[in-house]
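Undergrad: I have a structure here, written as structure tokens, and I will follow up with some questions on it.
Just so you know, all these numbers are worked out from the coordinates, no wet-lab data involved. Small disclaimer: the values here were computed from a predicted structure and weren't measured. Neighbour counts run over all protein chains shown; Cβ positions are idealised from the backbone, glycine included.
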Amino acid sequence: METSTLTAMYGKFAAVKAVTLQFPANQVHALIGPSGCGKSTFLRSLNRMHEMSIGGWVTGRVLLDGEDVYGPGVSVIQLRRRVGMVFQRPTPFPTKSIYDNVAAGLMLEGKLPRAELDEIVERSLRRAALWDEVKDRLKGSAIALSGGQQQRLCLARTIAPEPEVILLDEPTASLDPQGTQRIEELVFELKKDFTIIIVTHNMQQAARTSDTTTFFYLGTMVEHGPTKQIFTTPQNEQTEAYITGRFG
Ligand SMILES: Nc1ncnc2c1ncn2[C@@H]1O[C@H](COP(=O)(O)OP(=O)(O)OP(=O)(O)O)[C@@H](O)[C@H]1O
Ligand SMILES: [Mg+2]
């Protein structure tokens, strides 16, 4: 996935300015930067969620397999199956069961044969490292799960349609250290199959999990490079100030 001079507006205010970036497949890409610098807006522009914000619109291009996701004739529903998203707070469908939450991720118009659906639900829960904890209560309520389990359920729901890219917006912000560690392990595991773009305020998390890191500041991309380089020899003063905790 890549962006070309992507600008994202709320009405007349540009929250993200002319960002050109490439996210090679099967890697983890971290987005860091102080609060309000446009990370979430940028992420939401990648699967056209930003359009759902009041006044939200974009210019520039977002290419998925070389095709502009803002091009004419692109189905937004199809796009969001290919570019899935998990948010800061777990967002399971509260009235649906665990099973139905995962199945909902498929966003199908027609019905799949039951056996096939069962298989996809089980596989997705296994890949989200949740199966063993919920296999005996699949019909039970999703909101009876712990926060960390709910977040893995949301990950299972996102994985179910076999996306190409998974967007994670501070996925561990509401979790305890153990829940955080599980998600980080999963991120590492899942990059074999998916391209992952993760927003995080946790510098250790970015350093531990990602292959590339991009530093955003005031809506622009300040520096992008291999994670190791960004954290050891940043080229930009603002990047260095941020990662060493001198601001933000
Ligand atoms: N729905 C909205 N309407 C208008 N302006 C918005 C909206 N959402 C965000 N903004 C503005 O856009 C800018 C970028 O916000 P964004 O949420 O993308 O930042 P962020 O880097 O994700 O911050 P945080 O780290 O706090 O999550 C901010 O100035 C914010 O006030
Ligand atoms: Mg944000």
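Undergrad: Out of every Cα pair in the chain, what percent are spaced more than 31 Å from each other?
TA: 23 percent
Undergrad: At most 12 other Cβ atoms within 10 Å plus a DSSP loop assignment makes a site exposed; report the longest stretch of the chain without any exposed trypsin sites (Lys or Arg not before Pro).
TA: 13-110
Undergrad: In a Debye calculation with equal point scatterers on the alpha-carbon sites of the range 1-146 and no solvent, what is log10 I(q)/I(0) at q = 0.13 Å⁻¹?
TA: Result of the Debye calculation: -0.74.
Undergrad: Placing unit charges on C-beta atoms (Lys and Arg positive, Asp and Glu negative, everything else neutral), compute the dipole magnitude of the chain about its Cα centre in debye, rounded to 20.
TA: It comes to approximately 460 debye.
Undergrad: Which aspartates and glutamates have a Cα lying under 15 Å from the Cα of K191, excluding residues fewer than 8 positions away in the same chain?
TA: In chain and number order, the partners are E162, E164, D211.
Undergrad: At 7 Å along the Cα-to-beta-carbon direction for both R123 and T59, put a label point, then send me their distance in nm to one decimal.
TA: 4.3 nm
Undergrad: Still on this structure: Give me a comma-separated list of calculated 3J(HN,Hα) values for the range 198-214, in order, Karplus coefficients 6.51, -1.76, 1.60 applied at θ = phi - 60°, integers in Hz, x for any Gly or Pro.
TA: Each residue's phi maps through the Karplus curve to give 10, 8, 8, 9, 9, 5, 5, 5, 4, 5, 6, 9, 9, 8, 10, 10, 10 Hz.
Undergrad: Distance between the C-alpha centers of the range 24-38 and the range 134-165? Whole Å please.
TA: 24 Å
Undergrad: Suppose every K and R has +1 on its Cβ and every D and E has -1 on its Cβ; what is the size of the dipole of the range 51-149 about the Cα centre, in Debye to the nearest 20?
TA: 200 debye
Undergrad: Turning to a different aspect of this structure: Considering only DSSP states other than H, G, I, E and B, which GluC sites (Glu not before Pro) in the range 105-210 qualify as loop sites with at most 10 other Cβ atoms within 10 Å?
TA: Answer in residue order: E109.
Undergrad: Here is a follow-up. For the range 1-77, what is the convex hull (Cα atoms) projected area averaged across all directions, in square nanometres?
TA: 5.4 nm²
Undergrad: When DSSP assigns beta bridges and you keep just the ones with both residues in the chain, what percent turn out antiparallel, to the nearest 5?
TA: Here the antiparallel bridges make up roughly 55 percent for the chain.
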